[in-house]
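Following: one structure in structure tokens, then a few remarks.
The values are calculated or read from the model by the stated rules, or taken from the named source; none is laboratory data. Keep in mind that this is a model prediction, so the values were computed, not measured. No Cβ is skipped: glycine too gets one built from the backbone with ideal geometry, and neighbour counts run over all protein chains shown. Side chains included, ligands, DNA and RNA excluded: accessible areas come from the protein's heavy atoms. Shrake-Rupley method; radii C 1.70, N 1.55, O 1.52, S 1.80 Å.
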Amino acid sequence: MDEAEQRAEQYLRYLGFTDIEPQPEGEGGIFPDFRVDGRIGVEVRRLNINSVDETGRLVSNRHRNRSVG
């Protein structure tokens, strides 16, 4: 489970879900990343945040501090 999926699981638990099954189709399955309450499929995607520095170069802000919930 990568960082984005770990954060998604934390958020699902924060929302009050308790029946969270990671990778219900098995490792390497196509989708979803989680099955919630036996009926909801959750696919995790990480959004990239980029900015342009003072030299005009595109810079990834991937490692900026983020919080869940």
Tilt, helix 3-14 to longest principal axis of the chain (alpha-carbon atoms), in degrees rounded to tens, equals 60 degrees
If exposed means no more than 13 neighbouring beta carbons inside 10 Å and the site is in a DSSP loop, what's the longest run of the chain without any exposed GluC sites (Glu not before Pro)? 1-24
Can you give me the solvent accessible area of R46 with a 1.4 Å probe, rounded to the nearest 10 Å²? 120 Å²
Label selected from (1) 11.9, 44; (2) 11.6, 36; (3) 15.5, 50, the criterion being Rg and Dmax of the Cα atoms in Å as computed here: (3)
Give me a comma-separated list of calculated 3J(HN,Hα) values for the stretch 42-48, in order, Karplus coefficients 6.51, -1.76, 1.60 applied at θ = phi - 60°, integers in Hz, x for any Gly or Pro. 10, 9, 8, 10, 9, 8, 8
Provide F31, F17 ordered by accessible surface of protein heavy atoms (probe 1.4 Å), highest first. F31, F17
Sequence of L15, L58 when ordered by accessible area, the most exposed leading, probe 1.4 angstrom: L58, L15
